[in-house]
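Engineer: Have a look at this one.
Bear in mind these aren't lab numbers, they're just calculated from the coordinates by the rules spelled out. Everything numeric here is computed off the predicted structure, so don't read it as measured data. We place every Cβ from the backbone using ideal geometry, glycine too, and count neighbours over all the protein chains shown.
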Amino acid sequence: MIARVAPLILCALQLWGAESLPFVFEGNTHISSATLYEALGESEPSFYQFWRPRPHLQLSAAETYARGLQQYLKSVGFYHASVRYTYDEELLQFIIDEGAPVSVADVTVLSTLGVDDLVVLRVGKRFVSQTFVADKSAILGRAKDMGYCNAELRSKAWIDIETDQAYILHELDPKALCSFGAVTVQTDERIDEWVARSFLRFKPNERYSQEKIRQSYEMLYAQEGIAKALIEELEHNATRVPIRLHVSSREEPIRFRAGIGANSDEGVVLQAGITHRNLWQNLKTLGLQGRSSMIKEEIKSTFTMPLPYHNLWGTTLGYKNEHFEGYSEENLYLTPYLQQYDQPHTFKEGLLFERVNTYDSKDELRFPTKEIVISSALFHWKYDERDKILEPTKGFYLFANVQGALASFLSDATYSKFQVGGGRLFSYDRQVLGLKVHYGDIKLHYGELPASYRFYAGGMNSNRAYGYRQLGPKSDQGDPLGFGTLLEATAEYRFPLYGALRGVLFNDTTMAGRIDLPYENHPYVTFGTGLRYATPIGPVAIDAGIDVNDPSHYAFHFHIGELF
């Protein structure tokens, strides 16, 4: 409340011309000054923002703000806190005496559903009213996700000021299981009802779940041609929950986008594209995208068409020119595919037709200059239960990619290639432990394959003691040769430092072989550290890693978004 009201008061007083002074906090030990500034609707300049002046406050509002700060401190467990202020011609100071905090002495959870793990405000922790409210919301949300739409939660907190202790009770009555009732759909003239219905993650008579509703929103808004979607729970009797879906399409279906970025693997990246998001109605899309970096140029056209029962038909036609160390490749490709999305599963089956031309080779024996035609069958599966896309903090994912071909007039090789892997994230009090593993294997049974089909290691998504594709054996000219088999594992610990800045400690381990594991009978083991700065588009990341067995190998990497 204070964060919303304070800026309004400040604005009004500024209009009246009251004296304005920079202000600071003194005496606070448990609650940081940055948090107190935020509570007043302000932000403290970071240590490197030397050009930013401190926030100012109208002197006539100091008493109001002092009372507001005292109420805020009470809400975070300091019921005996007092706040006074002093000032001179240059500075306003809020003198804070936090007093003894109120700690949680007992937590009782009465429920048959097993919701104890959701309670964050546990014995020994400081009583924070916002956390208490969040616990209530999480418990009730779990009940509704399990199908209990009429669940009732009675939560109470008793505060003993004399002993500075809090006693908490959560009593959940789930009542009877619920199910989805009839589903009605309302759309505009550019989207048929069956198309909008195909994105729903639930059906009539299935068990009710708010998580299914959330997944449906996620699917609906993943369609670029949808401007607005509303899933309305109608008034229900007993245990049946009727649903009404409202969907409207975009008035301006054509979208142009362009951007510039950078990462340590590719350097500066330029990209641009244009997409029709509702071609011939029913959310068909047709797009053209171009991308250029220091190691790759690519242009491709994509077409997608929703199908009934959570299916999607698509095709991609493209041209790619990629520069490896030791050779370059031109690749003309066509990929028709069928995709099924049934949260948390994604399946994709398709064909890949490629004409690959290797040129500018420095080693004709290892990277022969020639044109190779490959026609492969593809299969992809992914199971993803992470909580976020750009900055996940908990959950896990698994994936498997399989492709292969038989020699024929459409293919110059018989081969098989598969990759499997997964990751797991654990979080506790803004700290995250992440684990991931990836295994790949390729076997050539007949003919020839392009050198780019091999596995390469090193880089920001691989072993971070090495530059992009720099790990492993090299030719006489110093060019990476790649591997037929690759096993990589990563452990990463992420922790808060200051404000939006976080730290990372990591270990990357790689085992690889020209044909089978291991190569040279030893793994490549890397330890390193990094920094993350949170932004609206994901964390900006810098990592530095060193090979513990060979310290002459070290590298720095930068990118946007967490690696897993």
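Engineer: Show that you can apply the helix-only estimate: for the chain, add -39,500 (n - 2.57) for every DSSP H stretch of four or more residues, divide by all residues, and state [θ] at 222 nm to the nearest 500.
Structural biologist: -4000 deg cm²/dmol
Engineer: For the Cα atoms of the chain, what angle does the longest principal axis make with the long axis of helix 62-75, in degrees from 0 to 90, nearest 10?
Structural biologist: With both axes taken from Cα atoms, the answer is about 70 degrees.
Engineer: Between the alpha-carbon centers of segment 235-263 and segment 437-509, tell me the distance in whole angstrom.
Structural biologist: Distance between centres, Cα-based: 37 Å.
Engineer: Moving on to the next point. Hey, got the dipole for the chain? About the Cα centre, +1 on K and R Cβ, -1 on D and E Cβ, debye to the nearest 20?
Structural biologist: In total the dipole reaches around 1180 debye.
Engineer: Something else about it: Debye calculation, C-alpha points only, no solvent: report log10 I(q)/I(0) for segment 33-130 at q = 0.18, 0.20, 0.25 Å⁻¹, in the same order as the q values.
Structural biologist: Values, matching the q order: -0.92, -1.04, -1.32.
Engineer: Can you give the extra length, in nm with one decimal, that the chain gains between residue 338 and residue 268 once fully stretched, where that is 0.36 nm per residue apart less the Cα-Cα distance?
Structural biologist: 21.9 nm
Engineer: Given N residues in segment 103-173, what is its alpha carbon radius of gyration divided by 2.2 N^0.38 Å?
Structural biologist: Working it through for segment 103-173, the quotient is 1.10.
Engineer: Output the 0 to 90 degree angle, nearest 10, between the alpha-carbon long axis of helix 2-15 and the longest principal axis computed from the alpha carbons of the chain.
Structural biologist: In the chain, helix 2-15 runs at an angle near 70 degrees to the longest axis.
Engineer: Report the FRET efficiency, 1/(1 + (r/R0)^6), for residue 418 and residue 349, where r is their Cβ-Cβ distance and R0 is 22 Å, rounded to 0.05.
Structural biologist: The pair residue 418/residue 349 has a calculated efficiency of 0.90.
Engineer: Moving on. If I fit a long axis through the Cα atoms of helix 210-221 and take the longest principal axis of the Cα atoms of the chain, what angle between them do I get, 0 to 90°, rounded to 10?
Structural biologist: Here the helix axis deviates by roughly 60 degrees.
Engineer: Determine the relative contact order of segment 179-249: mean sequence separation of Cα pairs under 8 Å and six or more apart, normalised by residue count, in whole percent.
Structural biologist: 42
Engineer: Here is a follow-up. Work through the residues other than residue 388 whose Cβ is under 10 Å from its Cβ and net out their charges, Lys, Arg +1 and Asp, Glu -1.
Structural biologist: Charge balance near residue 388 sits at -1.
Engineer: Ratio to report: Rg/Rh of the chain, with Cα atoms as the point set and Rh obtained by the Kirkwood method; give two decimals.
Structural biologist: 1.02
Engineer: Distance between Cα centroids, segment 64-86 to segment 334-392: provide it in whole Å.
Structural biologist: Here the answer is 58 Å between Cα centres.
Engineer: Let me check against my output: what whole-number percent is the relative contact order of segment 480-564, with C-alpha pairs under 8 Å and at least 6 apart?
Structural biologist: Result for segment 480-564 is 22 percent.
Engineer: Ok, one more. For a quick protection proxy, order the peptides 463-470, 63-70 by their average other-Cβ count within 10 Å, most packed first.
Structural biologist: Sorting 463-470, 63-70 by mean packing, highest first, produces 463-470, 63-70.
Engineer: Report the label-to-label distance for residue 319 and residue 145 in nanometres (one decimal), using points 7 Å from each Cα along the Cα→Cβ vector.
Structural biologist: With each label point 7 Å from Cα toward Cβ, the separation is 4.8 nm.
Engineer: Any idea what Rg and Dmax come out to for segment 173-322 if you just take the C-alpha atoms, in Å?
Structural biologist: 19.8, 62
Engineer: Kirkwood hydrodynamic radius (Cα pairs, Å) of segment 437-564?
Structural biologist: Radius from the Kirkwood sum: 15.6 Å.
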